[in-house]
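What follows draws every value from the coordinates through simple rules; no lab data is involved. As the structure is a computational prediction, the values presented were derived from the model and not from experiment. A quick note on method: Cβ atoms are made from the backbone with ideal geometry, for glycine too, and the neighbour counts reach across all protein chains shown.
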């Protein structure tokens, strides 16, 4: 339930209209809540605020907030376009869900709606003395929030959409997905059996990418009909008719009693991949940023070198030993889920950079240093894969680098692959 709620909240965060709509509702509610002060005995000791002073303040807010909100939208659209063109379009969902920008836009629009509704209510004699004072205090509070939000937002919008900021957001999303998967490598399901017996294959009926799998719901159904379900398509896998989503092992149960729709609907499939439960997507997006930076149009190998350092941090995070107390218990014994492939993760991260950066000596050198760092970890599978990809990167460099001394510098860094 917690994972489902988090996934739902992240999708809501990608909708730009949600927070402004909520703020508009709260602003209108605040105007009418100020009227409650008239039902108290506060008229006896609170100061009498003139209509002119409140109207002047509300008029200033209403006239300025619409302009600022329009400017905010224009700046955000410019930042989104910059992120898509300079970094990669796949990072758009992370940029648009930026909390600071959404909160700023929501505050500006909410303040504008509040001032308009409050002016209408005030000019029609809706408030008495206590109500006017409550509205005045509320207006000052909103004005203060607007000023603070504007100052914070100016600092944020100066960086929003820049390639460094975009890379940091993608890294943070990928690291969060890796942490969740480290502690539950089989999504709290059972491990896949080596001698698996397949009685029925469940195929996808929707074309798209698997975004999440409700393993808990699969467990409930598997217990109802006494079967075992083996997941084949992990989050990020492409689904289409003819592509297997899961295998069914019935044992002593009746195969005809299986409701295929009950199983397929627990695989959330849509047109795009999401970062939440798909760390490989984050690695691909970072690799795209690095490849685009090395294109002749941009020619920015420094960004690619920075991305390589990001990959080292992410793989170190993945390869660190985990204490048994941190691992989430496999509580779904009737649903088997395969673990993510480390080889696939290396391929997603390093293949494109090794290909596009083979002719750039500084990128080739930093790539070999990264592989050497990962191979030095006390993780046998990661060491073997790092050595393999270091050798592949060297082969690419040997076919591309023309200056002998540059090639020799790269070869010296690959000597770690000869160690036992």
Can you give me the C-alpha center-to-center distance between region 267-304 and region 78-141, rounded to a whole angstrom? 32
What ranking do 270-279, 335-344 get when scored by the average of other Cβ atoms within 10 Å per residue, highest first? 270-279, 335-344
Value of relative contact order over region 2-161, rounded to a whole percent, pairs C-alpha under 8 Å and six or more apart: 42
Could you please state, rounded to a whole Å, how far the C-alpha centre of region 368-420 is from the C-alpha centre of region 193-261? 40
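Figure the gain on full extension for residue 329 and residue 272 (residue separation times 0.36 nm, minus the Cα-Cα span) and round it to one decimal in nm.
Values: separation 57, 0.36 × 57 = 20.52 nm, distance 3.00 nm.
Gain in length upon complete extension: 17.5 nm.
So for region 186-270, Kirkwood radius off the Cα pairs, Stokes-Einstein at 10 °C and 1.306 mPa s: how many µm² s⁻¹?
The Stokes-Einstein estimate is 122 µm²/s.
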Contact order relative to length of region 186-270, as percent, for alpha carbon pairs under 8 angstrom and 6 or more apart: 43
Subtracting the Cα-Cα distance from 0.36 nm times the residue separation, let me have the gained length for residue 64 to residue 199 in nm, one decimal. 41.9 nm
Where does each of 136, 371, 108 land when they are ranked from fewest to most other beta-carbon atoms within 10 angstrom? 136, 108, 371
Plugging the Cβ-Cβ distance of residue 32 and residue 238 into 1/(1 + (r/R0)^6) at R0 = 51 Å yields, to the nearest 0.05, a FRET efficiency of 0.50
Could you work out how far helix 342-356 tilts from the main Cα principal axis of the chain, as a 0 to 90 degree angle to the nearest 10? 90
Pairing the Cα long axis of helix 99-123 with the longest principal axis of the chain, what angle in degrees results, from 0 to 90 and rounded to the nearest 10? 20
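Show me the ranking of peptides 189-200, 349-360 by mean Cβ neighbours inside 10 Å, starting with the highest.
With the highest mean Cβ count within 10 Å placed first, the list reads 349-360, 189-200.
Any idea what the relative contact order of the chain is, in percent, if you count C-alpha pairs under 8 Å spaced at least 6 apart?
Numbers: 613 pairs, mean separation 67.0, N = 420.
Reported as a whole number, the value is 16 percent.
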Would you please report the Å³ per residue occupied by the convex hull of the alpha carbon atoms in region 1-98? 147
Helix 163-183 versus the longest principal axis of the chain: what is the Cα-based angle in degrees, 0 to 90, to the nearest 10? 70
For Cα extents along the principal axes in Å, calculated from these coordinates, the label among (i) 61, 59, 44; (ii) 86, 68, 40; (iii) 65, 47, 37: (ii)
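Highest first, please rank the peptides 374-382, 91-99 by the mean number of other Cβ atoms sitting within 10 Å of their residues.
Final packing ranking: 91-99, 374-382.
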222 nm mean residue ellipticity, helices alone, for the chain (DSSP H n ≥ 4; -39,500 (n - 2.57); rounded to 500): -20000 deg cm²/dmol
Among 297, 134, 173, determine the one that fluctuates most according to a GNM of the chain built with springs between C-alpha atoms less than 10 Å apart. 297
Quote to one decimal, in nm, the extra length available between residue 322 and residue 344 on full extension: 0.36 nm per residue of separation minus the C-alpha distance between them. 5.8 nm
